[in-house]
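FYI, it's all coordinate maths here, none of it is from the lab. What you see is a predicted model; the values in this text were computed from it and never measured. Neighbour counts run over all protein chains shown; Cβ positions are idealised from the backbone, glycine included.
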Amino acid sequence: MRVALFGGTFDPPHRGHVALVRLARERLSLDRILVAPVAAQPLKQDASSASFADRLAMTRLAFAGERAAEISLLDAPRSDKASNYTIDTLATLQRQLSPGDALYCILGADSFLTIAKWHRSAELLTTCDFIVGARPGFDLGCAEAALPDGVSAKPLHSALHNTQLLELTGERGKKTRLYLLTDLAEHASATQVRAALRGETGTERLLSPAVEQYIRAHHLYTASIE
Ligand code: ATP
């Protein structure tokens, strides 16, 4: 079975998130995608404006009916209030897999381009294969340059449509694969959604109706929205 982790702040979850999950599932024939809202994202400590409970509820709505997607509490708030690190979440997930299962981690281009700043990034990149979706405004051509010290990349032939494939080599020669989905082009971000809600401009292009209704019903992101 091919299992993937897709973590995010999801503040709120939008069409860009769903498009990335859908494309990753189709392209890599993923069987299960664990969509995990993160409690406290170490690199985004101030950006989260809805509670974890609200982000979880909205994530359930955004991914309802999305094939292979399951909402996961793997990155839920920890009792010790410590930061959630992707390398730890992947290790937990890896322990739950059966022999023969393959593990992937899904990210958008903007997140991947910061990977060198992530906790134990060199080790992280050789924990499992990575699937990275292109995002408007972020150049996937810089993916190799974004790798941390200790990880090198070699281009491989990819049989997958619109997908660049790099073989990563890390400490002790450990190898993983980096799949770059070059054809994703979703102009949606949570920042844009929050701004649209504050400015009372339309969010139909950005949000599913169910998520928008939840935001309105719970008066999230702006007190004036009715
Ligand atoms: P914000 O605008 O607050 O920074 P965001 O829209 O990037 O938020 P996150 O919850 O931080 O949303 O993103 C979770 C993951 O989804 C990240 O890996 C991010 O790169 C990816 N992602 C988000 N939006 C897109 C998009 N439009 N296209 C591709 N990847 C995306």
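Summary of computed values
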{"item": "FRET efficiency for T169 and T92, using Cβ-Cβ distance with R0 set to 25 Å, rounded to 0.05", "result": "0.50"}
{"item": "Highest to lowest packing among 140-148, 72-80, scored as the average C-beta count within 10 Å", "result": "140-148, 72-80"}
{"item": "Hypothetical label at D183: residues of the stretch 155-169 whose amide nitrogen lies under 15 Å (7 Å Cα-Cβ projection)", "result": "158-165"}
{"item": "A36 long-range amide H proximity, modeled H, under 5 Å", "result": "F6, G7, G8, S72"}
{"item": "Label-to-label distance, nm, for residues given as S49 and S152 (7 Å Cα→Cβ offset)", "result": "4.6 nm"}
{"item": "Shape of the stretch 108-171, Cα gyration tensor, a/c cut at 1.5", "result": "oblate"}
{"item": "Relative packing of 97-103, 149-155, 63-69, which averages over residues the other C-beta atoms within 10 Å, highest first", "result": "63-69, 149-155, 97-103"}
{"item": "Full-extension gain in nm, E204 to D101, via 0.36 nm per residue minus C-alpha separation", "result": "33.3 nm"}
{"item": "Cut-off 14 Å between beta-carbons: net charge of the residues surrounding A109, Lys and Arg +1, Asp and Glu -1", "result": "-4"}
{"item": "Residues T191 and R216, FRET efficiency given R0 of 22 Å [Cβ-Cβ distance, rounded to 0.05]", "result": "0.70"}
{"item": "Projected area averaged over orientations for the stretch 86-217, convex hull of C-alpha atoms, nm²", "result": "10.5 nm²"}
{"item": "FRET efficiency, N162 to K81 (Cβ-Cβ, R0 35 Å, nearest 0.05)", "result": "0.25"}
{"item": "Local net charge near N162, Cβ-Cβ under 12 Å (Lys/Arg +1, Asp/Glu -1)", "result": "-1"}
{"item": "Directionally averaged projected area (convex hull, Cα atoms, the chain), nm²", "result": "12.5 nm²"}
